[in-house]
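Colleague: My structure is below; once you've seen it, I'll send some questions.
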Amino acid sequence: MKKIAIITPFLANGGLEKVAVVGAEELSRNFDVTLIVMDSFHIDYPYNGKIIDLEVSLMHRGVFKRIYNIVSAIIKLRKLKKYHDFDMVISHGELANLPNVFSGGEKNILVVHGDRFAEAALVDVQSRFISKIIKYIYFAKNISKVVTVSEGIRESLISHLDIKDQDIVTIYNPFNLDEIKTLSHEPLDKYNHLLTHEIITTAGRLTMQKGQWYLLRIFKELKKSNPEIKLIILGDGEMKKKLINLSEDLKLKTYSVWSEKEFDDSYDVYFLGFQKNPFKFIKVSKLFVMTSLWEGFGNTIVEAMECGTPVISTNCKSGPGEIIFKKDGMENTITKPIYDGCGVLMPIFDNEFLEANTPLVKKELLWVNTLQILLADDEKLTEYEKMGIQKVEEFSLETIMLDWKKLIEVVIHE
């Protein structure tokens, strides 16, 4: 049986890590799989197979400290590769791809979960500097294939790095659809009182990438025509305090799991933190909303569709358009809502945090109008629900892992 190592930065945080764990579980049915974790500071996605923890802390944001830690990971990983003599090593995300490449080995597959070049154009100087360094790893001779989780990322890498078409392939993220469906029917327990209201839900880390401040400002205006509607925000992150403060500054009655406030159904906005089962909240929502400024794929869109919840999302440079509109996506520079997919695509917001006293910008007003139309059109929402459930079959665990097994066999036997 061929020996494969799969490297993930963490066993927590987000979609990248979950995809790595799910992939390891499924591939272990056909291969001798070892999951290598660089930093298991917290576990949201447990793994029951063979696992090695490098114990290299990657949470420090300082560029020099992070470089030092990555060098430590390279040294440890090089020793592991020599000792175990893996037939192939698959790494997920930049924090794992860098040490994978520089630790040697002949057959390495790098999985790219984000469009670093789209992100670098929107964020800070440090990120742009790191992007210039990271791009050189994709030309290392010990890389067998680069796998992107969306066609948008693949096209971006080809255009920015001049990678040959045959060296880079797209394999979408896999989803255990049966598990999502089962979990979506679990009771809300103490949150059950919310079922008497219309609910909008969003899920994702509370970061600049996800743009949740726009949703809060839009929701404030939306309540003028839908006074009883509720907003649920699932996730945790570095912008937690800033977003809660904004919600309160907007005069929205705000509940959070981090406060000592008693829960009831009188609040407007509910910050419920990271939930092991977000699907039960998404299932009871009238709409699932994603306001991301950039994405690699957009896992929560697929998950919402499987829950039978209609989706409205920004049309990021990669991900949402490929899921909602059609397989090969569409132009990113849309200026109005696109309704003729299995959900609604909206223009991308600017990367600018707006305070409560700033008047709504044109794109926010467009969102308010679009949400009002959707919430009043049950027939259209039912159509999106049916189309979404059909669409997600393309991302089923069985379908996607078959693509992975085919790729692995090709690379191993090259």
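The values are calculated or read from the model by the stated rules, or taken from the named source; none is laboratory data. Quick caveat: nothing in here was measured; it's all calculated off a predicted structure. Neighbour counts are summed over all protein chains in view; Cβ atoms, including those assigned to glycine, are modelled from backbone coordinates with ideal geometry.
Colleague: Being assigned to a strand (DSSP E or B) and surrounded by 14 or more Cβ atoms within 10 Å (Cβ to Cβ) is the filter here; which residues of region 24-49 pass it?
Modeller: Correct list: D32, V33, T34, L35, I36, V37.
Colleague: Then there's this: Looking only at region 65-73, decide whether some residue is free of Cβ contacts under 8 Å to residues at least 60 places away in the same chain and among the charged types (D, E, K, R).
Modeller: Looking for residues that are free of Cβ contacts under 8 Å to residues at least 60 places away in the same chain and among the charged types (D, E, K, R), one finds at least one in region 65-73, hence yes.
Colleague: Select from region 366-379 the residues that are within 10 Å of I218 (Cα to Cα) and free of Cβ contacts under 8 Å to residues at least 40 places away in the same chain and write down the one among them that is surrounded by the most Cβ atoms within 10 Å (Cβ to Cβ).
Modeller: Pass one, region 366-379, residues within 10 Å of I218 (Cα to Cα): 366-369, 371.
Applying the additional criterion that residues be free of Cβ contacts under 8 Å to residues at least 40 places away in the same chain yields 366, 369.
Numbers: L366: 17, N369: 13.
So the residue we want is L366.
Colleague: Go through region 238-255 residue by residue and tally those that are over 19 Å from K223 (Cα atoms) and not in a helix (DSSP H, G or I). Steps first, please.
Modeller: Going residue by residue through region 238-255, those that are over 19 Å from K223 (Cα atoms) are 238-242.
Imposing the further condition that a residue be not in a helix (DSSP H, G or I) reduces the set to 238-239.
Number satisfying all stated conditions: 2.
Colleague: Tell me yes or no: at least one residue of region 324-341 is out of contact with any Pro (no Cβ under 7 Å at 6 or more places or on another chain), crowded, with 19+ Cβ neighbours inside 10 Å, assigned to a helix (DSSP H, G or I) and not hydroxyl-bearing (S, T, Y).
Modeller: Within region 324-341 (the criterion being out of contact with any Pro (no Cβ under 7 Å at 6 or more places or on another chain), crowded, with 19+ Cβ neighbours inside 10 Å, assigned to a helix (DSSP H, G or I) and not hydroxyl-bearing (S, T, Y)), the answer is yes, since at least one residue qualifies.
Colleague: Return the total of residues in region 73-111 being outside any loop (DSSP other than H, G, I, E, B) and touching an Asp or Glu at 6+ places or on another chain (Cβ under 8 Å).
Modeller: Final tally of qualifying residues: 1.
Colleague: Can you tell which of V368, V410 is more than 23 Å from the chain's Cα centre (by Cα) and under 23 Å from R154 (Cβ atoms)?
Modeller: Of V368, V410, the one residue that is more than 23 Å from the chain's Cα centre (by Cα) and under 23 Å from R154 (Cβ atoms) is V410.
Matching residues to (1) under 13 Å from the mean Cα position of the chain (by Cα); (2) within 21 Å of G211 (Cβ to Cβ); (3) outside any loop (DSSP other than H, G, I, E, B); (4) without any contact (Cβ under 8 Å) to a residue 40 or more places away in the chain:
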{"position": "Y270", "(1), (2), (3), (4)": "no, yes, yes, no"}
{"position": "E295", "(1), (2), (3), (4)": "yes, yes, no, no"}
{"position": "G308", "(1), (2), (3), (4)": "no, no, no, no"}
{"position": "I312", "(1), (2), (3), (4)": "no, yes, yes, no"}
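Colleague: Could we say that K65 is assigned to a helix (DSSP H, G or I), modelled with pLDDT of 95 or more and out of contact with any Phe, Trp or Tyr (no Cβ under 8 Å at 6 or more places or on another chain) here?
Modeller: Values: assigned to a helix (DSSP H, G or I): yes; modelled with pLDDT of 95 or more: no; out of contact with any Phe, Trp or Tyr (no Cβ under 8 Å at 6 or more places or on another chain): yes.
Considered against the rule, which asks whether it is assigned to a helix (DSSP H, G or I), modelled with pLDDT of 95 or more and out of contact with any Phe, Trp or Tyr (no Cβ under 8 Å at 6 or more places or on another chain), K65 comes out as no.
Colleague: I've got another one for you. Looking only at residues in region 272-286 that are in contact with a strand residue (DSSP E or B) (Cβ under 8 Å, 6 or more places away or on another chain) and in a loop (DSSP other than H, G, I, E, B), which one is surrounded by the fewest Cβ atoms within 10 Å (Cβ to Cβ)?
Modeller: Q275
Colleague: Has region 217-228 got at least one residue that is surrounded by fewer than 20 Cβ atoms within 10 Å (Cβ to Cβ), in contact (Cβ under 8 Å) with a residue 24 or more places away in the chain and within 26 Å of the chain's Cα centre (by Cα)?
Modeller: No, because not a single residue in region 217-228 is surrounded by fewer than 20 Cβ atoms within 10 Å (Cβ to Cβ), in contact (Cβ under 8 Å) with a residue 24 or more places away in the chain and within 26 Å of the chain's Cα centre (by Cα).
Colleague: Considering only region 254-265, I want to know if a residue exists there that is on the phi > 0 side of the Ramachandran plot and in the same structural domain as T358 (by TED's automatic domain parsing).
Modeller: Checking region 254-265: not a single residue is on the phi > 0 side of the Ramachandran plot and in the same structural domain as T358 (by TED's automatic domain parsing).
Colleague: Can you name the residue in region 138-151 that is surrounded by 15 or more Cβ atoms within 10 Å (Cβ to Cβ) and part of a helix (DSSP H, G or I) and, of all such residues, is modelled with the lowest pLDDT?
Modeller: Selected residue: Y138.
Colleague: Right, next: If I filter region 329-356 down to residues being among the small types (G, A, S) and modelled with pLDDT of 95 or more, which single residue comes out as nearest to the chain's Cα centre (by Cα)?
Modeller: Result: G343.
Colleague: Take the residues in region 342-364 that are of a type in the set (D, E, K, R) and in contact with a Phe, Trp or Tyr (Cβ under 8 Å, 6 or more places away or on another chain); name whichever of them is surrounded by the most Cβ atoms within 10 Å (Cβ to Cβ).
Modeller: Once the filter is applied, the top-ranked residue is E364.
Colleague: From the list L188, L177, which one is under 25 Å from the mean Cα position of the chain (by Cα) and under 30 Å from S266 (Cβ atoms)?
Modeller: One residue alone meets the criteria, L188.
Colleague: With the requirement that a residue be at pLDDT 80 or above and among the aromatic types (F, W, Y), what does region 90-137 give you?
Modeller: Selection gives F102 alone.
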